[in-house]
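Worksheet: one structure, shown below.
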Amino acid sequence: MSTALPVEFSDIQGLVRFGYKHHTEASFLLLRVRDRDAARRWLGAVPVSTAEAIEPPPDTALQVAFSSEGLRALGVADAIVDAFAADFVAGMGNNANRARRLGDVGTNEPSRWQWGGAGREPHVLLLLYALPGCLAEFRRRVGAECEGGFDVMADLATSDLDGIEPFGFTDGLSQPLLDWERRRAARDAERNDYSNLSCLGEYLLGYPNEYGGYTDRPLLDPALAGTRLPRAEDAPDRSDLGRNGSYLVLRQLRQDVHGFWQFVDRQAGGDAGRRERIASAMVGRERDGVPLVGPADETIEGGGVPGDLNAFTYRSDRDGLRCPLGAHIRRSNPRNADLPPGAPGIVSWAKRTLGFDADALAHDLVASTRFHRLLRRGREYGTGVSLTQALAEASGSGDTGLHFICLGANIARQFEFVQNAWAMAVRFDGLPGESDPLLGTREPAADGTLTDGFSMPRADGAAERLAGLPQFVTVLGGAYFFLPGIRALRFLATTR
Amino acid sequence: MVVAPVAAGQEPALRALLHSMNAEPGMADPRNGVVAFAQFDRLHFARLALLDDALQADLRVHGVEPKRLATCLAFIGDCDGPADEVLADLAQRAGPGLARIFAHCEGFAGGADLLAWMRAHDRSTAASFVNWVGRSVRQIREESALQRALAARVPRRPVAAPGEAERLRRELGAWVAAEVGAGRLTLTPAAPTPFGWQLAKLANLVAVPLVGIVALPLLVIAAPLFAVLLRTREARDPELCPRPPSADLDALLELEDRDITNQYTAIGAVKPGLFRRWLLTVLLVLTNFACRQIFTRGYLARVQTIHFAHWLFLDDKSRVLFVSNYDGSHQGYMDDFINKVGWGLNLLFSNGVGWPRTRWLIFGGSRIEQSFKYYQRRHQVPTQVWYKAYPGLALVEMKRNQRIRRGLEQAAMSDDQALAWLRLL
């Protein structure tokens, strides 16, 4: 039984707990501060939806997040801003090393982004969610209210594609389950099964994470914050500006639906069955979401019931014969535990821990998943393209893709790690010459090695290998934000 | 491994010279005009790094007033064969360039005998890890070419008939033999391990356990005292893990992720007192023993992404230098460390000033994620010049390429074995 304090839903922005799925209309506004005082006045009072459950759902919901540039523009002291995580302080689009790690090179280069590159960082992100038919009025009202303090840099429209991402696959199936009841003890212990239940501190600042520790965030002198901020659990003599807040990663990803299906169709020689097979191999699921790894019949902590589209691991398919090792969903969430599986008993445990179990070692290239989970909150944009259209038309007229959003308490260990060490990695799980089949940039490695392949291992011969994959996804913009708790939001709007 | 203090006032000029060796920040131009690393085909990695004494100030948390130490230049290489031979080869073929570099160091007068000077400043490591003992630069390059050729050649269709997999393997074998005959591929047989090395390894294998057995009664008697001494220190030793300044972090990041492999150079003071000094000495002897006798085949416990790693005592064992070459990004390397061998890091590095609090030498410490991550970044120093002999190649494929070659050279295989071999391609 945990003795941890209960979670104050009223101090947490709703997006951490809800995906706002009833609110099928949404719009993301990127703002720049024009008049600091007016901006602060508005932010100090604007109604923001919390994580408290309300039935029936309200017509609209507003969420507010800040970039580090934005905090400075609002007049928050440098000492406070600089106490946030280094990645958040630096920002996504103005560091060459970060660009190399995230695959923001070639056509993805931040200098080519529509927003978020150096000198074009948004200050404030407003996320507007509305029930069907309610967005236009809400958008107009919010726009009018914040006009005095801000310039609108971009208005990212979204569209409701009914849970299907633009390439045509069911999306958003895999999500971690947050330990809202704080049942899991806050301590550092090895976990030998994949669990979908995840410590609150992996997503919310101010709570213990999977290591049983607290992520760094600004802890202030209570004399400065008064009673306006909660105290830090791990340092009760300090006020916790991070508590109940999260980091939010936003990336605008344009998807070349025509390019994707036409490439797959060419590889399949026009054969419809083979086309589906190749496309699902690249994703790791059938278009309706059924995982390729096979009938899901595992019981996973926090992972729903057997038969659920998310109740599976790759333990029974270690060589990627059913779901290729490099499939998009396998790269994004390898579903493994802290130690490769093996026989029970301390001898087997010791052998695996010391690296003396060759078989375990051969399947130990990918790190423990539980430290690298993403809470995804993205929305599609643009007009859906049907498979028939994608194959028939030379190229699309419109722009379609995903406004990728994920929440996490540690940008470096979660989003950046998944993007760098798993998705974009050209040696993921030992695969040669390929990166994520959907997200890859196909930029050759430093030594000229091609990275545009995709292999589909098989039991009865050398892996089937596609070559010459074009780039299907292009980054058009991106930034890191801090999604504060409600009290922290009001504090930020008033502090100097 | 040559380590020498930089002469007073020479550091800016030395930095400029080192910088001129690079094609991009931190990455040596393999054919640069100072030391053209590429002409030394027994050299896997090389680095030149300046080691300052900035963190000596940390000793004050132990109430010790630090001595000022001169900034040192470290020249570190990982090579095939005896290091001394490679040093002589370097002196012979890159003498003028090396002399230009070392002219910035104390005690290197113009006209000095370069080789004798380098030997005089050559330090032996306290412990070293080599990913795959005996795998040479030449072998790595040849096997990579072999893998590329075979991967392009292998038929990528299901193998149906019995015996077909083995027939395919033999056909590919014959084709490779023809390519070798035509001079398009080279597969040099592995050089035998020199007799002297085998003897030294055997001596190490016998000596370390022997000393252990002899000392065992003493160790048993001393164990309770050791436990008390250790635990009092672990409870009392101050942690010092402040967040490194962002400018320092940027200077390190600028050099990273330009190849699949990255470098890591870190330095720190050993906790004062004989207890930590002796403990660390013994643990490094044991680490070296394990790396030499046990972890010689592609893994250091669970970590399979380290090419080479070295621990070196400096300044009368008051400081330790740690250098490594690893695959992947820094964040991944550190997460691998914490999650896979956090206990091993604690064992050694908890003897360093400021390490996050450990329990019983292996628990806690590096698992205190935030403190550990700040600590290791804060102790890292930029590697001004870094060379890798096989850009783009990762350990995981070197290992696979070895298996491909071994399989190719095997006389006969069962169908299952041949199929498994085909799937490597």
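Every number in this text was worked out from the coordinates using simple rules, so none of it is lab data. Since the model is a prediction, treat every value here as computed from it, not as a measurement. Note: ideal-geometry Cβ built from the backbone for every residue, glycine included; neighbour counts use all protein chains shown.
The figures follow:
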| item | result |
| --- | --- |
| Charge dipole (debye, nearest 20) of region A:73-144; +1 at Cβ of Lys and Arg, -1 at Cβ of Asp and Glu | 280 debye |
| Neighbour-count order for A:152, B:214, fewest beta carbons within 10 angstrom listed first | B:214, A:152 |
| Total charge dipole magnitude, region B:271-425, about the Cα centre, Cβ charges on Lys, Arg, Asp, Glu only, Debye to nearest 20 | 460 debye |
| Computed helical MRE - 222 nm, chain A, DSSP H runs ≥ 4 contributing -39500 (n - 2.57), nearest 500 | -5500 deg cm²/dmol |
| Region A:18-145: proportion of alpha-carbon pairs further apart than 20 angstrom, % | 55 percent |
| Least to most buried among A:346, B:294 (fewest other Cβ within 10 Å first) | A:346, B:294 |
| Using a Förster distance of 25 Å, the FRET efficiency for residue A:459-residue A:349 (Cβ separation, nearest 0.05) | 0.25 |
| Prolate/oblate/rounded label for chain A (Cα gyration tensor, a/c 1.5) | oblate |
| Label-point separation, residue B:116 to residue B:197 (7 Å along Cα→Cβ), nm | 3.0 nm |
| Rg [Å, one decimal], Dmax [Å, integer] - region A:192-252, C-alpha atoms | 13.8, 45 |
| Quarter of Cα convex hull surface for region B:321-367, i.e. mean projection, nm² | 3.4 nm² |
| Set of region A:321-337 residues, backbone N closer than 20 Å to the point 7 Å along the Cα-Cβ line of residue A:297 | A:321-323 |
| Inter-probe distance in nm under a simple model that places probes 7 Å from Cα toward Cβ, at residue A:41 and residue B:228 | 7.2 nm |
| Length-normalised contact order for chain A - Cα pairs under 8 Å, 6+ apart - percent | 23 percent |
| Simple spin-label estimate for residue B:206 and residue B:254 in nanometres, 7 Å along Cα-Cβ | 5.4 nm |
| Three-way shape label, region B:190-269, alpha-carbon gyration tensor, a/c 1.5 | oblate |
| Net charge dipole size for region B:181-248 [Lys, Arg +1 and Asp, Glu -1 on Cβ; Debye, nearest 20] | 180 debye |
| Alpha-carbon centroids, region A:291-343 and region A:456-496: separation in whole Å | 21 Å |
| Over the protein assembly as shown - Rg/Rh using Cα atoms and the Kirkwood inverse-distance radius | 0.97 |
| Cα-based shape type of region B:362-425, given that a ≥ b ≥ c are square roots of the gyration tensor eigenvalues and the cut on a/c is 1.5 | oblate |
| Length-normalised contact order for region A:27-135 - Cα pairs under 8 Å, 6+ apart - percent | 45 percent |
| Distance histogram for region B:113-229 (every C-alpha pair counted, 5 angstrom bins, percent rounded to whole numbers) | 2, 7, 9, 10, 10, 11, 9, 9, 8, 8, 6, 5, 5, 1 |
| Area projected by the alpha carbon convex hull of region B:1-150, averaged over all directions, nm² | 11.5 nm² |
| Cα extents of region B:231-384 along the three principal axes, largest first (Å) | 44, 39, 30 |
| Chain B: calculated mean residue ellipticity at 222 nm from DSSP helix runs of at least 4, using -39500 (n - 2.57) | -15500 deg cm²/dmol |
| Most positive-pole-ward Cα, B:43, B:9, B:326, against dipole of chain B from beta carbon charges | B:326 |
| Cut-off 10 Å between beta-carbons: net charge of the residues surrounding residue B:87, Lys and Arg +1, Asp and Glu -1 | -3 |
| Unit charges at the beta carbon, dipole of chain B: most positive-side option, B:112, B:209, B:392 | B:209 |
| Calculated FRET efficiency for the pair residue A:53/residue A:191, C-beta based, R₀ 30 Å, to 0.05 | 0.50 |
